[in-house]
Structures are given as structure tokens and as C-alpha cells.
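Enquirer: Take a look at the following structure, please.
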Amino acid sequence: SKQRDLFLATLDNLSKEEKKMRIGEKLYHAIQPKYPDLAGKLTGMFLEASENQEDLALLIFSPASLALHLGQALEVLNA
């Protein structure tokens with residue numbers, strides 16, 4: 001999506017740590033309305049599971065993709 005592409009472009013000149021922080025902030029805000037008590041834990045799980053910025057940005061900008069991955073992450077947490 002255009003929004004995702006613009007977001008990824010803003011990350012271009014940042015360090016690896018800064019990129020991860022920016023992605024984490026956006027991801028947290030995408031998760032927080034549905035899972036306020038678990039948003040920090042779930043965000044951390046996604047950041048640990050993937051270094052791929054494009055995959056993580058897809059979670060931020062695609063509600064369907066985020067919902068699918070949240071379901072999988074919650075299964076892991078409840079196992």
C-alpha cells in the first residue's frame with residue numbers, strides 16, 4: 001500500500017535499532033486497541049520473530065494480516 005511504502009521510506013536513513021523502535025511503536029499502536037493488556041508482549045514477540053521490515057510493516061498496515069498473526073501469537077502464549 002502507499003501508506004506502507006511511505007512508512008518504509010521514512011526508515012531508510014535510520015540505524016537498525018531506530019528502525020526497530022519506530023516499527024515497534026507503530027505495531028504497538030495497531031495492537032493496543034484490541035489487546036491493551038498484551039500489546040507490549042505481542043509487539044515484542046513480533047519484533048523478535050522477524051527482522052524483515054516489510055513483513056512487520058505489513059502487519060501495521062494490513063488489519064487482516066495483523067489479525068492472522070495475532071491469532072497465532074495468542075495460541076503460542078496460551079500453549
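Enquirer: Each residue of the stretch 68-78 in turn: what ³J(HN,Hα) in whole Hz from Karplus with 6.51, -1.76, 1.60 and θ = phi - 60°, glycine and Pro shown as x?
Expert: So the Karplus estimates, Gly and Pro as x, are 4, 5, 5, x, 5, 5, 5, 4, 5, 5, 8 Hz.
Enquirer: Quick check: at a probe of 1.4 Å, how many percent of the accessible area of the chain sits on carbon and sulfur atoms?
Expert: The computed percentage sits at 52.
Enquirer: Further, regarding this structure: Express the accessible area of the chain per residue in Å², computed with a 1.4 Å probe while the remaining protein chains stay in the model.
Expert: Result: 67 Å² per residue.
Enquirer: What relative contact order, as a whole-number percentage, does the chain give when Cα pairs under 8 Å and 6 or more residues apart are counted?
Expert: Averaging sequence separation for qualifying contacts and normalising by length gives 32 percent for the chain.
Enquirer: Over all directions, how big on average is the projection of the convex hull of the alpha-carbon atoms in the chain, in square nanometres?
Expert: Averaged projected hull area, Cα only: 4.9 nm².
Enquirer: If I take R0 = 30 Å and measure r between the Cβ atoms of MET21 and ALA64 in this structure, what FRET efficiency does the formula 1/(1 + (r/R0)^6) give, to the nearest 0.05?
Expert: Once rounded, the FRET efficiency stands at 0.75.
Enquirer: For GLU48 and ASN13, FRET efficiency with R0 = 25 Å and r from the beta-carbon atoms, rounded to 0.05?
Expert: So the FRET efficiency works out to roughly 0.55.
Enquirer: Pairing the Cα long axis of helix 39-49 with the longest principal axis of the chain, what angle in degrees results, from 0 to 90 and rounded to the nearest 10?
Expert: The two axes meet at around 60 degrees.
Enquirer: Pull up the cross-link candidates among the aspartates and glutamates for LYS19, meaning alpha carbon to alpha carbon under 17 Å and not fewer than 8 places away within one chain.
Expert: Qualifying aspartates and glutamates at Cα under 17 Å: ASP5, GLU48, GLU51, GLU54, ASP55.
Enquirer: Separate question: Using helices alone, what [θ] at 222 nm do you get for the chain, with -39,500 (n - 2.57) per DSSP H run of 4 or more residues, divided over all residues and rounded to the nearest 500?
Expert: Theoretical 222 nm ellipticity from helices: -24500 deg cm²/dmol.
Enquirer: Of the listed peptides 18-31, 44-57, what is their order by residue-averaged count of other C-beta atoms within 10 Å, with the highest listed first?
Expert: Put in order of decreasing packing, that is 18-31, 44-57.
Enquirer: Could you work out how far helix 2-11 tilts from the main Cα principal axis of the chain, as a 0 to 90 degree angle to the nearest 10?
Expert: Once rounded, the angle reads 70 degrees.
Enquirer: Here is a further query. When the dipole is taken about the Cα centre of the chain, and only Lys, Arg (+1) and Asp, Glu (-1) are charged at their Cβ, what size is it in debye, to the nearest 20?
Expert: 200 debye
Enquirer: To continue, here is another question. Once you place label points 7 Å from the Cα toward the Cβ at LEU38 and SER1, how far apart are they in nm?
Expert: Inter-label distance under the simple model: 2.3 nm.
The values are calculated or read from the model by the stated rules, or taken from the named source; none is laboratory data. Note that this is a predicted model, so its numbers are computed, not measured. Glycine gets a Cβ as well: all are built from the backbone with ideal geometry, and neighbour counts include every protein chain shown. Each accessible area value is taken on the protein alone, full model and side chains, heavy atoms only, with ligands, DNA and RNA left out. Shrake-Rupley method; radii C 1.70, N 1.55, O 1.52, S 1.80 Å.
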